[in-house]
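Reviewing the structure listed below.
The values are calculated or read from the model by the stated rules, or taken from the named source; none is laboratory data. Remember, it's a predicted structure, so these values are computed and weren't measured experimentally. Cβ atoms come from the backbone with ideal geometry, glycine included; neighbour counts cover every protein chain shown. Areas reflect the complete protein model, heavy atoms only, side chains present, ligands, DNA and RNA absent. Shrake-Rupley method; radii C 1.70, N 1.55, O 1.52, S 1.80 Å.
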Amino acid sequence: MNVEVMTTTVIGEAPALDDDLFPLAARVAGMSMSKTMAVSALADQLRRAGADVIDLGAGEPDFPTPENIRRAAAEAIETGHTKYTAAAGTPRLKQAICERFAADFGVRYDPAEVLAAAGAKQVIFNAIATLIEPGDDVLVPKPYWVTFPEAVTFAGGRTVWVETEDQGFRLTAGAVERALTTRSKLLLINSPSNPSGLVVTPDEFEKIVALAVSRGLLVISDECYCQFVYAPLRPFSATQLPERLRRRVLVAGSLSKTYAMTGWRIGYALGPRDWIKSMTCVQSHSTSNPTSISQQAAIEALTGSQDSVAQMLQAYSERRDWLIPALNDLPGVTCAMPEGAFYAFPSVKGTGMTSEELTTRLLEEAHVAVTPGDAFGAPGYLRLSYATSLEKLETGVERIRRVLAST
């Protein structure tokens, strides 16, 4: 098996097309394939070929979707919830989203301030598409979720990086202020962070948003991992900000991680009515409504028992507590303790290899799939998901140790 050829899919760009036969629009030609999804696809390919792959690249819970949610989907099929719905989601689902945020954060939203979509990724694309035009700058903190700059490129905007490595990847108001330009229009915040697992404290979050608003920016708060924060920290949402700030903020959320519903493709937005209305218009001409059956399952997820969320968080906490010391025990590797999500983001600069070189060696020699930090704007780091069993984590780390010992 020629693994080296296949790994170019992970760390390279999309194959070039013949421009004479298929002239790509500039907004698409400037985009790159998702490297996180490429890693997962390659791991699956190796596994189908018979390799014993430890996949630490996927950002996907290893837990099944809870039974009560699966039952709700089956009932939706049997009772005929299989037709089109309103483009922004059913009234009941939007109300359930409002009720969940009221219960979790003590905030009130009206269903007119809510959009349901085919995952948080679609929410973010819709939100950026409604705002950004050529010449607009979008502030994106590093390290970033891989889709942020690609969505900006698609909209014709320019990504301006907010550098954080010299502060341990902690986002601060000072870092945002240094990145501001005269054309800044939008700031993206992701807390807990994918890939670093770090959390912006509520006080610092408010300072960041207050700064952005004072300079005329709007803010998207990506809260897909909001419920997965480790004690003594508690979940925090931008919906808890003072009203004067909240009216300039859009929250993007997802059921994918919180309820182990990645394949169901349900995300949501909460934000100003006019912004939601514009996003609904965009969605009505792209995908239209999210899947009707998934919407019924989502209602049960949001309004039913939340025990599964606590159980998953406990498992992630136990895995984190084992994994981070184990990574720090590897030669040339250092890793900060994640405060949320389910990712470790170790520096591998001390190994003498680039993150892409090490990613390739781990895949070829040890059949361990990880994602190079280059995908997140942080070369020299790797993202490892611990949304897998402790047994697989132990095996994966031992394989990594053997590769590092052979350099």
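Quick one: is Thr334 of a type in the set (S, T, N, Q), open to solvent by 10 Å² or more (accessible area, probe 1.4 Å) and either touching a residue at least 40 places away in the same chain (Cβ under 8 Å) or within 29 Å of Met33 (Cα to Cα) (or both)?
Considered against the rule, which asks whether it is of a type in the set (S, T, N, Q), open to solvent by 10 Å² or more (accessible area, probe 1.4 Å) and either touching a residue at least 40 places away in the same chain (Cβ under 8 Å) or within 29 Å of Met33 (Cα to Cα) (or both), Thr334 comes out as yes.
Which of the following residues is closer than 27 Å to Thr130 by Cβ, open to solvent by less than 10 Å² (accessible area, probe 1.4 Å) and either in a loop (DSSP other than H, G, I, E, B) or out of contact with any Asp or Glu (no Cβ under 7 Å at 6 or more places or on another chain) (or both): Val213, Val209?
Val209
Conditions (1) charged (D, E, K, R); (2) at pLDDT below 95, marked per residue:
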position: Glu365; (1), (2): yes, yes
position: Val368; (1), (2): no, no
position: Thr388; (1), (2): no, no
position: Leu393; (1), (2): no, no
position: Glu398; (1), (2): yes, no
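One line per residue, one yes/no per condition, for (1) surrounded by fewer than 21 Cβ atoms within 10 Å (Cβ to Cβ); (2) part of a strand (DSSP E or B); (3) of a type in the set (Ser, Thr, Tyr):
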{"site": "Glu364", "(1), (2), (3)": "yes, no, no"}
{"site": "Pro379", "(1), (2), (3)": "yes, no, no"}
{"site": "Leu382", "(1), (2), (3)": "no, yes, no"}
{"site": "Ala387", "(1), (2), (3)": "no, no, no"}
{"site": "Glu398", "(1), (2), (3)": "yes, no, no"}
{"site": "Val403", "(1), (2), (3)": "yes, no, no"}
{"site": "Thr407", "(1), (2), (3)": "yes, no, yes"}
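Can you tell me which residues in the range 371-407 are in contact with a Phe, Trp or Tyr (Cβ under 7 Å, 6 or more places away or on another chain) and small (Gly, Ala, Ser)?
Result: Gly373, Gly377, Ser385, Ala387.
Within the set of pairs 6+ apart or on separate chains, which have a first residue in the range 81-95 that is farther than 18 Å from Ala301 by Cα, a second that is surrounded by fewer than 18 Cβ atoms within 10 Å (Cβ to Cβ) and not basic (Lys, Arg), and C-beta atoms under 6 Å apart?
Every condition considered, the pairs that remain are Ala87/Ser284; Ala87/Ser288.
Looking only at the range 300-323, which residues are surrounded by fewer than 19 Cβ atoms within 10 Å (Cβ to Cβ), more than 21 Å from the chain's Cα centre (by Cα) and not polar (S, T, N, Q)?
Gly304, Asp307, Glu318, Asp321, Trp322
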